[in-house]
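K.L.:
Structure incoming, see below.
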Amino acid sequence: MYIVYSLADPVSTAIAAALKEAVGFEEESQFKGMRHFRCEKASLLELEETHLQADFLDELHTDLIIILSRHSSSKGQPSFTVHPMGNWNGEAKLGGKPKQLATAAPIGMLNCLAAMKGRNKMQIPVTYEATHHGPLLMTPAFYAEIGGDEQTKTSKEAARFLAESVFESLDREASYKRIALGIGGLHYEDRFAKRALDGEYAFGHMMSKHHTGSVDMLQQAIERSLPRPEVAVIDWKSITAPEREAAMKKLDELGMDYVKI
């Protein structure tokens, strides 16, 4: 598996530096002119450009890719998050392609989420984010991010925390009952994260309430997840009755069971 960081993102670079310090990666031959490091459990790849456009990462031919990044929010809310990639709408302002989803990694995301929750002493929320932005990868992949104000994002403690959590997740086997597709909720999918950390579900793609007009993409969300979801979990009160009806109709067409929370 590969962990990827970008020199264009100082937070990403700081997390990678903390990871190198904690684990002791050794530099090896370059990949497409990019620096490449390895330890017993994982490889580490350095990008010079932003990771949002790095669709070529599929050429690594690996089983999982974890991308280290900062997370920006209008409110500057401190957070440690994981999320799958893709664009639910007809725009691709931050990489990927319009109305195309990358392959989600539900078990890898849950392992990372659980590792962050288990070692979190910083009183900073740990949660999922809904599916958003690029790159567009067919390799199972997800982002692991630090969000918040500049003080949080540039904190050495936060960088070390995320680095150690990601590395711990490589050996973790978080418990869950079913792989799930999430529908509804806000950009921060706190209700889905709670169910995941309670051992109920490992979520792949999550469609927030802002994108429930894209139910035509639910088949893609099912197919582009490894493992595939067995059930859809609907955050019932977060979406309108017509949105619920449209989602359930599509799920019925796809033969996908669903539950309400």
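The values are calculated or read from the model by the stated rules, or taken from the named source; none is laboratory data. Bear in mind that the values here come from a model prediction, so they are computed numbers and not experimental data. Here the Cβ is made from the backbone with ideal geometry for all residues, glycine too, and neighbour counts use every protein chain on show.
K.L.:
Please state which one of HIS132, HIS187 is touching a Ser or Thr at 6+ places or on another chain (Cβ under 8 Å) and either closer than 22 Å to ASP235 by Cα or of a type in the set (A, V, I, L, M, F, W, C) (or both). So that I can check it myself, show each step before the final result.
P.N.:
Numbers: HIS132 fails: touching a Ser or Thr at 6+ places or on another chain (Cβ under 8 Å).
When all the criteria are applied, what remains is HIS187.
K.L.:
Among the residues of region 20-37, write down those that are of a type outside the set (Asp, Glu) and within 18 Å of GLU168 (Cβ to Cβ).
P.N.:
LYS20, ALA22, VAL23, GLY24, PHE25
K.L.:
Then there's this: Assess whether GLU91 counts as being more than 15 Å from the chain's Cα centre (by Cα), surrounded by fewer than 24 Cβ atoms within 10 Å (Cβ to Cβ) and either among the hydrophobic types (A, V, I, L, M, F, W, C) or at pLDDT 95 or above (or both).
P.N.:
No: the conditions fail for GLU91.
K.L.:
Just need a number here: residues in region 9-44 that are among the polar types (S, T, N, Q) and either in contact (Cβ under 8 Å) with a residue 24 or more places away in the chain or at positive phi (or both). Give the derivation first.
P.N.:
So in region 9-44, the residues among the polar types (S, T, N, Q) come out as 12-13, 29-30, 43.
Within this subset, residues satisfying the condition of being either in contact (Cβ under 8 Å) with a residue 24 or more places away in the chain or at positive phi (or both) are 12, 43.
Of the residues in region 9-44, 2 are among the polar types (S, T, N, Q) and either in contact (Cβ under 8 Å) with a residue 24 or more places away in the chain or at positive phi (or both).
K.L.:
Then there's this: Which one is farthest from LEU226 (Cα to Cα), of the residues in region 63-82 that are touching a residue at least 40 places away in the same chain (Cβ under 8 Å) and assigned to a loop (DSSP other than H, G, I, E, B)?
P.N.:
GLY76
K.L.:
Shifting gears a bit: Can you find, within region 10-47, the residue that is surrounded by the most Cβ atoms within 10 Å (Cβ to Cβ) among those that are assigned to a strand (DSSP E or B) and under 20 Å from the mean Cα position of the chain (by Cα)?
P.N.:
LEU45
K.L.:
Separate question: Based on this model, can you work out whether ILE124 counts as of a type in the set (Val, Ile, Thr) and assigned to a loop (DSSP other than H, G, I, E, B)? Write out each step before concluding.
P.N.:
Working: of a type in the set (Val, Ile, Thr): yes; assigned to a loop (DSSP other than H, G, I, E, B): yes.
Yes, satisfied.
K.L.:
Within region 87-103, does at least one residue satisfy the condition of being within 19 Å of TYR201 (Cα to Cα), among the polar types (S, T, N, Q) and touching an Asp or Glu at 6+ places or on another chain (Cβ under 8 Å)?
P.N.:
Checked against the condition, which is being within 19 Å of TYR201 (Cα to Cα), among the polar types (S, T, N, Q) and touching an Asp or Glu at 6+ places or on another chain (Cβ under 8 Å), region 87-103 yields no hits at all.
K.L.:
Could you count how many residues in region 168-178 are over 15 Å from the mean Cα position of the chain (by Cα) and outside any loop (DSSP other than H, G, I, E, B)?
P.N.:
Matching residues across region 168-178 total 2.
K.L.:
Do we find that TYR176 is more than 22 Å from ASP63 (Cα to Cα), of a type in the set (Phe, Trp, Tyr), in contact (Cβ under 8 Å) with a residue 40 or more places away in the chain and in contact with a Phe, Trp or Tyr (Cβ under 8 Å, 6 or more places away or on another chain) in this structure? I'd like the intermediate steps shown before the answer.
P.N.:
Working: more than 22 Å from ASP63 (Cα to Cα): no; of a type in the set (Phe, Trp, Tyr): yes; in contact (Cβ under 8 Å) with a residue 40 or more places away in the chain: yes; in contact with a Phe, Trp or Tyr (Cβ under 8 Å, 6 or more places away or on another chain): yes.
Considered against the rule, which asks whether it is more than 22 Å from ASP63 (Cα to Cα), of a type in the set (Phe, Trp, Tyr), in contact (Cβ under 8 Å) with a residue 40 or more places away in the chain and in contact with a Phe, Trp or Tyr (Cβ under 8 Å, 6 or more places away or on another chain), TYR176 comes out as no.
K.L.:
Restricting attention to region 118-143, and to residues there that are modelled with pLDDT under 95 and charged (D, E, K, R), which single residue is surrounded by the most Cβ atoms within 10 Å (Cβ to Cβ)? Before you say what the answer is, go through the steps one by one.
P.N.:
Residues of region 118-143 that are modelled with pLDDT under 95, as a first pass: 118-125.
After this cut, where a residue has to be charged (D, E, K, R) as well, the list is 119, 121.
Values: ARG119: 13, LYS121: 7.
Looking at the filtered set, the residue picked out is ARG119.
K.L.:
Report yes if SER175 is under 19 Å from LEU113 (Cβ atoms), surrounded by fewer than 21 Cβ atoms within 10 Å (Cβ to Cβ) and among the polar types (S, T, N, Q), otherwise no.
P.N.:
The answer is yes for SER175.
K.L.:
While we're looking at this one, here's another question. Would a scan of region 234-248 turn up a residue that is under 19 Å from PHE142 (Cβ atoms) and buried (at least 20 other Cβ atoms within 10 Å of the Cβ)?
P.N.:
There is no residue in region 234-248 that is under 19 Å from PHE142 (Cβ atoms) and buried (at least 20 other Cβ atoms within 10 Å of the Cβ).
K.L.:
Another question, if that's okay. Name the pairs whose Cβ atoms lie under 6 Å apart, with the first residue in region 183-204 and surrounded by fewer than 24 Cβ atoms within 10 Å (Cβ to Cβ), the second of a type in the set (Lys, Arg) and not in a loop (DSSP other than H, G, I, E, B), and 6 or more positions between them or separate chains?
P.N.:
The qualifying pairs are LEU197/LYS117.
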